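No value in this document is a laboratory result; all are computed from the given coordinates. In this text the structure is predicted, and so the values were computed from the model without any measurement. Backbone-built Cβ (ideal geometry, glycine too); neighbour counts: all protein chains shown.
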Amino acid sequence: MTVLSNKPGVELDDALPAPLPVAEPHAGRRPVGALVRAYVALTKPRVIELLLITTLPVMFLAAEGLPPLGTALKTLLFGTLSAGAANAINCYIDRDIDAKMRRTRRRPLARAQVTPAEALVFGIVLAVASTIGFALTVNLLAASMSLLAILFYIFVYSLLLKRRTSQNVVWGGIAGCMPVLIGWAAVTGELAWTPFVLFGVVFLWTPPHTWTLAMRYRDDYALAKVPMLPVVATERRVVIESLAYTWATVLCSLALWPVAGMGPVYGAFAVVLGAVFVLEGHRLLRDVRAGVTGVHLRPMRFFHLSNVYLALLFTAVAVDPLL
């Protein structure tokens, strides 16, 4: 585990988050529409979208074509509940730092739209519903993978790693890789090397994706005392490590070609997308070496490209077996 800080002058709190007094929502009845929107926001829908992007294509690959419609719909439904559960409980745990950061201060708990107890109960209910739903309507392996993802995100990432080490998103990112295994298990009832290769793609993709976002919000994370790599390291080191993970992501994506016996469509996508992804990483490194800093460095350009890369790569995963 990485030392908390290697940058002079940065002090990081090693303690677990202390309960933060949160203002109670306005007295009286709360508008139903506003309350529903608040609960939906607790699940972090945009994060769920990214997880589903990796789940459905793997089901196509596992089925070697169109997966059973019922299985696909149930997996997406309970996968959404599973991810929503982890995210809601994460909002409960991070309510103190969410209130401090510009990027998160509009979340429901930071704005006192729901109480901490309501958010926690909501997350637990979603976790129970998703696990039981997977077990009863899909299979026990998918249910166990889903539960493992929830527990890992809560206890390993949110409570253990996030406020203690700059490697938080590296190992904490394992939770975000689990939908790949869940999708495969839902169709086949077992695991194989193929989904683990795609697990590796998402695992290696997560650090550069997250670190470039954290570069944009470095001051926020520093204020909240969250030791994201851009807080405790120089921009040069962040970009170099991000580029190393970018190369590893692309190489892992190419490994799927022989392991899963993918066709030329996937191969072409993996090569072209990988080349664009790596070149953008090298552009970022070139700018750092040229002395470009701060807002002029444009790390968000890499961040947005990483989203496009993963979405299109997994689209190719789905399309290839159909052809």
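Observations
- Sorted peptide list for 258-264, 96-102, criterion being average Cβ within 10 angstrom, highest first: 96-102, 258-264
- Neighbour counting of Cβ atoms within 10 Å sorts the residues Cys177, Cys252, fewest neighbours leading, into Cys252, Cys177.
- Span from the region 150-168 Cα centroid across to the region 84-98 one, whole angstrom: 12
- Cα-centre dipole for region 46-146 with unit charges at Cβ (Lys and Arg positive, Asp and Glu negative), debye to 20: 540
- Remark: region 164-177, residue by residue, has Karplus-estimated 3J(HN,Hα) of 10, 8, 6, 8, 3, 7, 5, 7, x, x, 4, 4, x, 8 Hz, where x stands for each Gly or Pro and the curve is 6.51 cos²θ - 1.76 cosθ + 1.60 at θ = phi - 60°.
- In order through region 47-53: 3J(HN,Hα) via Karplus (6.51 cos²θ - 1.76 cosθ + 1.60), integer Hz, x for Gly, Pro: 5, 4, 4, 5, 5, 5, 4
- Sparsely packed chymotrypsin sites (Phe, Trp or Tyr not before Pro) within region 212-299, loop by DSSP, other Cβ within 10 Å at most 15: none
- Placing +1 on the Cβ of every Lys and Arg and -1 on the Cβ of every Asp and Glu, with nothing else charged, gives region 101-185 a dipole about its Cα centre of roughly 660 debye.
- Inter-part distance where region 194-268 and region 298-314 are each reduced to a Cα centre, Å: 10
- For peptides 191-198, 79-86, sequence by mean Cβ density within 10 Å, most packed first: 79-86, 191-198
- Rounded to the nearest 20 debye, the dipole size of the chain about its Cα centre is 1040 debye, using +1 on the Cβ of Lys and Arg and -1 on the Cβ of Asp and Glu.
- Placing unit charges on the Cβ atoms of the charged side chains and taking the dipole of the chain about its Cα centre, the candidate lying farthest along the positive direction among Leu160, Ser82, Leu251 is Leu160.
- Stretchable slack from Met300 to Phe196, in nm (0.36 nm times residue separation minus alpha-carbon distance): 34.6 nm
- Which label in [x] 21.3, 74; [y] 19.2, 58; [z] 20.1, 62 gives the computed Rg and Dmax of the Cα atoms in Å: [z]
- By the helix-only formula, in which each DSSP H run with n ≥ 4 contributes -39500 (n - 2.57) and the sum is divided by residues, the chain has a 222 nm mean residue ellipticity of -23000 deg cm²/dmol.
- Relative contact order, percent, the chain [alpha-carbon distance under 8 Å, six or more residues apart]: 22
- Percentage relative contact order, region 32-190, counting C-alpha pairs under 8 Å, at least six apart: 30
- The calculated FRET efficiency for Leu140 paired with Leu312, based on their beta-carbon distance and R0 = 35 Å, is about 0.60.
- Under the Karplus curve 6.51 cos²θ - 1.76 cosθ + 1.60, θ = phi - 60°, whole-Hz ³J(HN,Hα) for region 73-78, x wherever Gly or Pro sits: 5, 5, 5, 5, 5, 6
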